[in-house]
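A.B. asks: The structure follows.
The values are calculated or read from the model by the stated rules, or taken from the named source; none is laboratory data. Just so you know, these numbers come straight off a predicted model, no measurement behind them. With ideal geometry, Cβ positions are generated from the backbone for all residues, glycine too; neighbour counts draw on all protein chains shown. Ligands, DNA and RNA are stripped out before the accessible areas are found, and what is left, the full protein with its side chains, is counted by its heavy atoms. Shrake-Rupley method; radii C 1.70, N 1.55, O 1.52, S 1.80 Å.
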Amino acid sequence: MTTSASSTRLILASASPARRKLLEDSRIAFTVRVSSVDEDAALATANEQARAQGRAGLTPAETASLLAQLKAQAVAAELAAEGVRDALVLGCDSVFEFEGVAYGKPHTAEAARERISAMSGNHGVLHTGHALVDLRGLEPGAELSATSELPTVSELRSATVHFDTLNPEEIEAYIATGEPLWVAGSFTLDGYGSAFIRGIEGEFHTVVGLSIHALRDMLRRREVAVTDLWLAPQNED
């Protein structure tokens, strides 16, 4: 079964306000359906499998790619069970790699303080995994036994982030905003943290959490033009 690009919907499998804003600013039509993936359990299983193969575990880049795929597949499976056949589901996940270690959200002020202090004057790599699951090939009424049966394309984008030196007062003030507690790597480029970034090597959008260029590439691989998902231009007075 084929579906015309004009009738295709994009569904973001993420609760991230930053990812929503990137799509909104890019004038891309989308809706949100948050995934219910147990990330900790999924990573524990994947790391155990990696260690059984003689590896130390997943790399930070592999972690970002795996979680993006699991989020997209989980939401796609739910939609497929509901009879949705006109959607592309986008999953994303970001992991910050510093000195070879993967860092997600710190959640506590203590963890954020330790990380930010270590990152001060240094640099790290932000990996953002993207996965796009295509529901348009399912026949009406078809039962889905495994999400792996659905066509899926993936993109990993990475960017190096260079941090300026922060003094203790700046670190405490930044933590007090609450912003670094709930973002990968304890920093952002589009909030309070932007004052402490000396520069990046790579895409700005990758660091924020969703590469619009990667999305365009994945859409093209599913024979959909990003321009078909654009909203109409806004009239300005």
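A.B. asks: From the list E155, E179, exactly one residue is of a type in the set (D, E) and touching a Phe, Trp or Tyr at 6+ places or on another chain (Cβ under 7 Å). Which is it?
C.D. replies: Criteria check complete, one pass: E179.
A.B. asks: When only residues in segment 71-85 that are more than 17 Å from V32 (Cβ to Cβ) and of a type outside the set (K, R) count, which is least open to solvent (accessible area, probe 1.4 Å)?
C.D. replies: The residue in question is A80.
A.B. asks: Check whether at least one residue in segment 159-166 is outside any helix (DSSP H, G or I), open to solvent by 50 Å² or more (accessible area, probe 1.4 Å), touching a residue at least 12 places away in the same chain (Cβ under 8 Å) and among the β-branched types (V, I, T), and report yes or no.
C.D. replies: Initially, segment 159-166 is screened for residues outside any helix (DSSP H, G or I), giving 159-166.
When the remaining residues are screened for being open to solvent by 50 Å² or more (accessible area, probe 1.4 Å), the result is 164-165.
Those left that are additionally touching a residue at least 12 places away in the same chain (Cβ under 8 Å): 164-165.
Now restrict to residues that are among the β-branched types (V, I, T): 165.
Yes, because at least one residue in segment 159-166 is outside any helix (DSSP H, G or I), open to solvent by 50 Å² or more (accessible area, probe 1.4 Å), touching a residue at least 12 places away in the same chain (Cβ under 8 Å) and among the β-branched types (V, I, T).
A.B. asks: Just wondering, is there one or more residues in segment 4-11 that are open to solvent by 70 Å² or more (accessible area, probe 1.4 Å) and over 23 Å from H213 (Cβ atoms)?
C.D. replies: Residues of segment 4-11 open to solvent by 70 Å² or more (accessible area, probe 1.4 Å): 6, 9.
Next, from what is left, pick out any that are over 23 Å from H213 (Cβ atoms): none.
No: segment 4-11 contains no residue that is open to solvent by 70 Å² or more (accessible area, probe 1.4 Å) and over 23 Å from H213 (Cβ atoms).
A.B. asks: Further question: Name the single residue, out of those in segment 22-38 being open to solvent by less than 70 Å² (accessible area, probe 1.4 Å) and within 22 Å of L58 (Cα to Cα), that is modelled with the highest pLDDT.
C.D. replies: My answer is S35.
A.B. asks: Here's another thing I want to ask about it. Which of the residues that make up segment 171-189 are assigned to a loop (DSSP other than H, G, I, E, B) and surrounded by fewer than 16 Cβ atoms within 10 Å (Cβ to Cβ)?
C.D. replies: Passing the criteria: T177, G178.
A.B. asks: While we're here: Which residues, taken from segment 203-232, are part of a loop (DSSP other than H, G, I, E, B), surrounded by fewer than 22 Cβ atoms within 10 Å (Cβ to Cβ) and either touching a residue at least 60 places away in the same chain (Cβ under 8 Å) or among the acidic types (D, E) (or both)?
C.D. replies: Scanning segment 203-232 gives E203, R222, E223, A225, L231.
A.B. asks: Also, I was wondering about something else. Quick check on my filter: what residues within segment 218-237 are charged (D, E, K, R), touching a strand residue (DSSP E or B) at 6+ places or on another chain (Cβ under 6 Å) and within 17 Å of R157 (Cβ to Cβ)?
C.D. replies: R221, the sole residue that qualifies.
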